[in-house]
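Novice: I have a structure I would like to understand better, so I am pasting it below and will then ask my questions one at a time.
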Amino acid sequence: MTSIIPYTPSFKEGLETLLEDSFVRADVQKNLLQHEDCCLLLVEETKILGTALFTGKNKKTSFTLYIHPNHRRKGLGTLLLKALEDKMALEGVEEAVCDFMVHPREEAFLTAHGYNYWFQSNYMTFSGPFPKSPPIHMISYEEAAYLDTHQVFAEAFHNMRTLVGIQSTLEAPSEEEKEYFAEEKDNLFLLKDQ
């Protein structure tokens, strides 16, 4: 039997296994640090089939919806989206933004559920001579650089949310985030001034 339940930390490992896409996994993990109570899970017995979470109890928020590829096109995404919309409404959310990988299937799903296409940005072009840039010094993440790394991430996500009109505050450093960075150190690189 399929059901929708609130996220609890006991599902952390199962959720990480569900999220095969590293970008989506990192986004969900980061948002869970501050918005754990804004996350729902779609489960069948003890197996997680999907998740949905929104980024705060503000009038305007953003959300992520993910159904494992093996369980798509069965109505589960619709079921989870409606449950998330109900939860957002109960929390006072009036407007929600969902970003998605540009693909006709995802666009059709969101359009069918009343979401308007706002903008697309998946290609960037450059014309003209490439400017000469100073040499870049890149190093692997080190725990000693946690505060600087946190600041870059916090400001980037704060600016992104603000640019699309979502209320945002700069996130404070946390032990959970520090542990996450340590776990992902092989995937994190820092650019340093020479």
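Novice: Considering only residues that are open to solvent by 30 Å² or more (accessible area, probe 1.4 Å) and either in contact with a Pro (Cβ under 9 Å, 6 or more places away or on another chain) or within 17 Å of PHE63 (Cβ to Cβ) (or both), which ones fall in the range 144-161?
Specialist: If the condition is that a residue be open to solvent by 30 Å² or more (accessible area, probe 1.4 Å) and either in contact with a Pro (Cβ under 9 Å, 6 or more places away or on another chain) or within 17 Å of PHE63 (Cβ to Cβ) (or both), then LEU147, GLN151, PHE157, MET160 are the ones that fit.
Novice: Right, here's the next one. Keeping to the range 162-184, report how many residues are more than 30 Å from GLY92 (Cβ to Cβ) and open to solvent by less than 100 Å² (accessible area, probe 1.4 Å).
Specialist: Residues that pass the stated criteria total 4.
Novice: Could we say that THR51 is at negative phi and open to solvent by 20 Å² or more (accessible area, probe 1.4 Å) here?
Specialist: It is false that THR51 is at negative phi and open to solvent by 20 Å² or more (accessible area, probe 1.4 Å).
Novice: Also: Take the range 137-167 and flag every residue that is in contact (Cβ under 8 Å) with a residue 60 or more places away in the chain and in contact with a helix residue (DSSP H, G or I) (Cβ under 9 Å, 6 or more places away or on another chain).
Specialist: Of everything in the range 137-167, those that are in contact (Cβ under 8 Å) with a residue 60 or more places away in the chain and in contact with a helix residue (DSSP H, G or I) (Cβ under 9 Å, 6 or more places away or on another chain) turn out to be PHE153, PHE157, ILE166, GLN167.
Novice: Mind telling me which of the residues LEU84, LEU90, LEU41, LEU49 ends up being touching a residue at least 40 places away in the same chain (Cβ under 8 Å) and over 27 Å from ALA156 (Cα atoms)?
Specialist: LEU49
Novice: In the range 73-110, what residues are open to solvent by 80 Å² or more (accessible area, probe 1.4 Å) and assigned to a loop (DSSP other than H, G, I, E, B)?
Specialist: Residues satisfying the conditions are ARG73, LYS74, GLU94, ASP99, MET101.
The values are calculated or read from the model by the stated rules, or taken from the named source; none is laboratory data. The structure displayed is predicted, hence computed values, not measured ones. No Cβ is skipped: glycine too gets one built from the backbone with ideal geometry, and neighbour counts run over all protein chains shown. The protein model used for the area step is the full one, side chains on, heavy atoms only, and it has no ligands, DNA or RNA in it. Shrake-Rupley method; radii C 1.70, N 1.55, O 1.52, S 1.80 Å.
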